[in-house]
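The values are calculated or read from the model by the stated rules, or taken from the named source; none is laboratory data. Since the model is a prediction, treat every value here as computed from it, not as a measurement. Neighbour counts run over all protein chains shown; Cβ positions are idealised from the backbone, glycine included.
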Amino acid sequence: MTINNGEWTWGGRDPSNSISDAEQILCLLYPATEVAGFKLDRPDAIEDDVLAVLKPMGSGLDIPMRMLEALERYLDNYTDEGGPTFTGGSYLHTEEPGNEVKPEQSSYDITESYSISVTLCLSAKGFLREFQRTVERAELRDRIEATLKRLDNRLTVAMVGLLRSFVINVLEPDSEAETRLLRTVSQGRVVGRTLTQDLRGQLQPVRDKLPELTFGLPPENERLLRDYPERFFECGWAWGVAQDATDIDLPAAVGVRQPHGIADSRPVLHFTVSALDGLADLFSGRTSRQGLLTSEQQALREALNLRWGLALQYWSTIATFGTGRWPMEDVPWEGSDGQTSPYFTELVLSIVSTSLVGGNAKGDVVGRSVGVLEELAQRGRVSRRAVEEDRGITMHDPGVPIPLRGSELNGPPLAWVYTGYAATLAKAALRFASVTSSRRNRARLIEVADSAVEHLLARRQQTTGLWDDPSNVFPGVAPAPATPAWDITERAIEVFVASASLIAAPPVADQGQIDQANTKIAEARHILDQERLTTPTAGGAQEQKLLREVEQLLNRADSLVSERPATAAALADKVLRDLDELAFARQAAIRSA
């Protein structure tokens, strides 16, 4: 972390903007709120190894104060007279090299900023509330309370921005967009009445819920969906507030600045996944347990939850459509705008993996996803050696350009450039690994994630230990500046947090193992009951002690059998051996007598 003389230093490879500065704070704050061993909110409970790493920030008493100061400065920097700002700034590039981003364009609000602000505000609120409990000085408590209120305000505005960035694009019949969609789902089959009717039928549950989206969207969308039920559509998040977005008419949005949108009203996969990731933090159990949302924000949450579910259902349906090869298995994915990239396949898999958390899987989704992830690791030269001028290198350096349609209103067409291919691959593999019940699939998924993590670790800068220097692993790539790139650094941290969550979760248990463990436990308990009949309370003290111990082991095995059947079976094995030794000793004693 860039701390000079105890002072927080903003900026890195790119000048400060609302996204990169949030990423910089989250490099510390996100693991501190998600992983128990990295907690920073109680000065007297910070682990020694964490203190050693964060020594530039001061002692255990200094660290929470530095975090508070960083949050205060962030809120100051990205608030103007109209309220919180969510601009892209230095992260925006022109599509054509040599052109210059105009000042008006630098001030565009970006969905990425809305999304990461949701994560930042929730993490910061949880951190500050816990820190506040350890504070005795009234002045400092008031200062924390004031920061919490400002975080609440920023969170509310970010949620409103995400509502106004959600779009439904009704496709014109025989348009290029519709042709590309049907080509994607057909996978070489004839695009006839049977296929189109089947696709409409599978998308009907999504279409039926779209009229429930009563604000943020133009009335024209509802009319088109109602009057033309045969038309296909797509839904998700645009790169910013949509051109035809309407105001959000909810109590929480009163007084919130709702400017006219700039973004083309069509979903962009990158920003759809970015929004889904931020909203996952909004809907998490931690957010509910800690009560991090105000009563006014709950209505915004419900509206976003509906859009979150519809986007997941829509893209998962498209990705797994058909009975043969699924569209997600056809690498690279082609968007409705005609752009193709293996990175877009990663994004589609990320959505599919998120949709599996609810348990609504179609067929062998995980099993078929494993092979695609392995192919993506190879195509992106994450698990394979790259040669000079290898096309796979371009996904990491200079990255995948994503056009921002509509941005040309005030200057040259802009693009968003993403360089986190390996991090996205690792997160998708880890998410699939967390929901699979197959040990074989889990092992293959962890192997993909491990290769991506090793790749990321190899790209760390030698001077700072942060990211990113692709020249460490790719031939022909120029060495990167000795300054941190906070976007890829924060995404690497997300991967490590996801890895920690997977490790902390119960091990995979299939039904066969559970049945086997239960069989052993049942046999051991039956033999134990027999021993109690033949070994009355007047029996030897050692025998009675052994019977009590084996009963405790069996009770322990019963409690573990659902989540850790192998451990439960091992405990039952020990009980069976102990009981057998007891019976053998008794028989030997009888024979000798």
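Of the residues making up the range 207-248, those that are closer than 22 Å to Leu276 by Cβ and aliphatic (A, V, I, L, M) are Leu210, Leu213, Leu217, Ala238, Val241, Ala242, Ala245, Ile248.
Yes/no matrix, rows are residues, columns are (1) out of contact with any Leu (no Cβ under 9 Å at 6 or more places or on another chain); (2) under 27 Å from Ala280 (Cβ atoms); (3) free of Cβ contacts under 8 Å to residues at least 12 places away in the same chain:
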{"position": "Trp8", "(1), (2), (3)": "yes, no, no"}
{"position": "Ser16", "(1), (2), (3)": "yes, yes, no"}
{"position": "Ala36", "(1), (2), (3)": "yes, yes, yes"}
{"position": "Leu61", "(1), (2), (3)": "yes, no, no"}
{"position": "Ala70", "(1), (2), (3)": "no, yes, no"}
{"position": "Thr79", "(1), (2), (3)": "yes, yes, no"}
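For the criterion of being among the basic types (Lys, Arg) and closer than 17 Å to Ala386 by Cα, Arg491 fails. The conditions of being under 27 Å from the mean Cα position of the chain (by Cα), crowded, with 20+ Cβ neighbours inside 10 Å and among the small types (Gly, Ala, Ser) are met by Gly88.
Residues checked against (1) in contact with a Lys or Arg (Cβ under 7 Å, 6 or more places away or on another chain); (2) among the charged types (D, E, K, R):
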{"site": "Gln197", "(1), (2)": "no, no"}
{"site": "Pro205", "(1), (2)": "no, no"}
{"site": "Lys209", "(1), (2)": "no, yes"}
{"site": "Glu220", "(1), (2)": "no, yes"}
{"site": "Ala238", "(1), (2)": "yes, no"}
{"site": "Asp249", "(1), (2)": "no, yes"}
{"site": "Arg257", "(1), (2)": "no, yes"}
{"site": "Leu269", "(1), (2)": "no, no"}
{"site": "Ser274", "(1), (2)": "no, no"}
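Residues in the range 304-326 that are touching a strand residue (DSSP E or B) at 6+ places or on another chain (Cβ under 9 Å) and of a type in the set (A, V, I, L, M): Leu304, Leu310, Ala311, Ile318, Ala319.
A quick yes/no check of all residues on (1) free of Cβ contacts under 8 Å to residues at least 60 places away in the same chain; (2) in the same structural domain as His270 (by TED's automatic domain parsing); (3) surrounded by 11 or more Cβ atoms within 10 Å (Cβ to Cβ); (4) closer than 22 Å to Arg301 by Cα:
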residue: Lys209; (1), (2), (3), (4): no, yes, yes, yes
residue: Glu212; (1), (2), (3), (4): no, yes, no, yes
residue: Pro229; (1), (2), (3), (4): yes, yes, no, no
residue: Trp237; (1), (2), (3), (4): no, yes, yes, yes
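Regarding the range 266-288, can at least one residue be identified that is touching a residue at least 24 places away in the same chain (Cβ under 8 Å), more than 30 Å from Leu425 (Cα to Cα) and either assigned to a helix (DSSP H, G or I) or in the same structural domain as Ile116 (by TED's automatic domain parsing) (or both)? The answer is no; no qualifying residue exists. Candidates Ala428, Ala386, Ala422: the one that is in contact with a Leu (Cβ under 6 Å, 6 or more places away or on another chain) and within 17 Å of Asp469 (Cβ to Cβ) is Ala422.
The residues of the range 107-150 that are more than 18 Å from Pro31 (Cβ to Cβ) and charged (D, E, K, R), listed by number, are Asp109, Glu112, Arg133, Glu136, Arg137, Glu139, Arg141, Asp142, Arg143, Glu145, Lys149, Arg150.
With the requirement that a residue be over 18 Å from Arg548 (Cβ atoms) and either in contact (Cβ under 8 Å) with a residue 12 or more places away in the chain or of a type in the set (Gly, Ala, Ser) (or both), what does the range 569-593 give you? Of everything in the range 569-593, those that are over 18 Å from Arg548 (Cβ atoms) and either in contact (Cβ under 8 Å) with a residue 12 or more places away in the chain or of a type in the set (Gly, Ala, Ser) (or both) turn out to be Ala569, Ala570, Asp573, Ala588, Ala589, Ser592, Ala593. Across the range 239-259, the qualifying residues are those that are farther than 24 Å from Ile318 by Cβ and acidic (Asp, Glu), and the one among them that is surrounded by the fewest Cβ atoms within 10 Å (Cβ to Cβ) is Asp249. Among residues belonging to the range 373-400 that are touching a strand residue (DSSP E or B) at 6+ places or on another chain (Cβ under 8 Å) and surrounded by 21 or more Cβ atoms within 10 Å (Cβ to Cβ), point out the one that is modelled with the lowest pLDDT. Out of the qualifying residues, it is Met395. Filtering the range 102-115 to residues that are over 27 Å from the mean Cα position of the chain (by Cα) and crowded, with 20+ Cβ neighbours inside 10 Å leaves only Gln105.
Only one entry in Leu224, Leu210, Leu250 is within 30 Å of Leu195 (Cα to Cα) and within 31 Å of the chain's Cα centre (by Cα), namely Leu210. Just checking, how many residues over the range 45-89 are part of a loop (DSSP other than H, G, I, E, B) and under 30 Å from Ser407 (Cα atoms)? Residues meeting the conditions: 6.
In the set (1) within 30 Å of Ala583 (Cα to Cα); (2) at pLDDT below 85, the condition left unmet by Val508 is number (1). A count restricted to the range 452-481 and to residues that are assigned to a helix (DSSP H, G or I) and either among the acidic types (Asp, Glu) or surrounded by fewer than 20 Cβ atoms within 10 Å (Cβ to Cβ) (or both) stands at 5.
Here the condition is being among the aromatic types (Phe, Trp, Tyr) and either at pLDDT 95 or above or closer than 17 Å to Ala275 by Cα (or both); of Phe127, Phe131, Phe166, it holds for Phe166 alone. None of Ser16, Ser20 is modelled with pLDDT of 80 or more, outside any helix (DSSP H, G or I), within 24 Å of Trp416 (Cα to Cα) and small (Gly, Ala, Ser) except Ser16.
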